[in-house]
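Submitted below is the structure of interest, expressed as C-alpha cells.
Quick note: the coordinates plus some simple rules give every number you see, no bench work behind them. Keep in mind that this is a model prediction, so the values were computed, not measured. Cβ: placed from backbone, ideal geometry, glycine included. Neighbour counts: every protein chain shown.
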Amino acid sequence: MKEANFLHLLKETAKEQQLLVQEKFIPDQLSDLANFVASHLWQSILVLAIFSTILLNLWTFLNYAI
C-alpha cells in the first residue's frame, strides 16, 4: 500500500516537473542575459548598484539645479 502511494506521488511529481521544464519563465530573447546574470551574480549586482547610484545622483542634481 505504501509503495503504491509512493509510486503515485512520484508519478505526479514527475508530471509537474515536466510541465515546469516545458514552460519557459524567460523568453528566448533574454536567455543569454539571464544566463550571464546567473553566472556572474555579484558582478551584476555591483553594476546595477553603481548604475542606480549614478542615476539617483543625476536625478537629485537636476532637481536641485533647476
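Please report, in cubic angstrom per residue, the volume enclosed by the convex hull of the alpha-carbon atoms of region 2-65. Before the final figure, lay out the partial values.
Numbers: hull volume 10.1 nm³, N = 64.
Normalising the Cα hull of region 2-65 by residue number yields 157 Å³.
Region 5-66: which GluC sites (Glu not before Pro) are DSSP loop and have at most 11 other beta-carbon atoms within 10 angstrom? If you can, show how the numbers build up before the last one.
On the way: sites: Glu12, Glu16, Glu23; in loops: Glu23.
Loop-located and lightly packed - Glu23.
What are the ³J(HN,Hα) values, in whole Hz, obtained from phi via the Karplus relation 6.51 cos²θ - 1.76 cosθ + 1.60 with θ = phi - 60°, for each residue of region 11-22 in sequence order, with x given for Gly and Pro?
5, 5, 5, 5, 5, 5, 5, 5, 5, 5, 5, 6
Any idea what the dipole of the chain comes to, in debye rounded to 20, about its Cα centre with Lys/Arg Cβ at +1 and Asp/Glu Cβ at -1?
Values: 4 positive and 6 negative charges, 22 e Å.
The dipole magnitude comes to about 100 debye.
Just flag the chymotrypsin sites (Phe, Trp or Tyr not before Pro) in region 8-66 sitting in loop per DSSP whose Cβ has no more than 14 other Cβ atoms within 10 Å. Write down the numbers at each step before the final one.
Details: sites: Phe25, Phe36, Trp42, Phe51, Trp59, Phe61, Tyr64; in loops: Phe25.
Sites meeting the loop and neighbour criteria: Phe25.
What is the fewest-to-most order of Val47, Val37, Val21 by other Cβ atoms lying within 10 Å of their Cβ? Don't skip to the end; give the middle numbers.
On the way: Val47 12, Val37 15, Val21 8.
Listed from fewest to most nearby Cβ atoms, that is Val21, Val47, Val37.
Please give the helix 41-65 orientation as an angle from the longest Cα principal axis of the chain, in degrees from 0 to 90, rounded to the nearest 10.
40
Please find the FRET efficiency linking Trp59 to Ile26, where r is the Cβ-Cβ separation and R0 is fixed at 30 Å, and quote it to the nearest 0.05.
Working: r = 29 Å, r/R0 = 0.98.
The formula returns an efficiency of 0.55 here.
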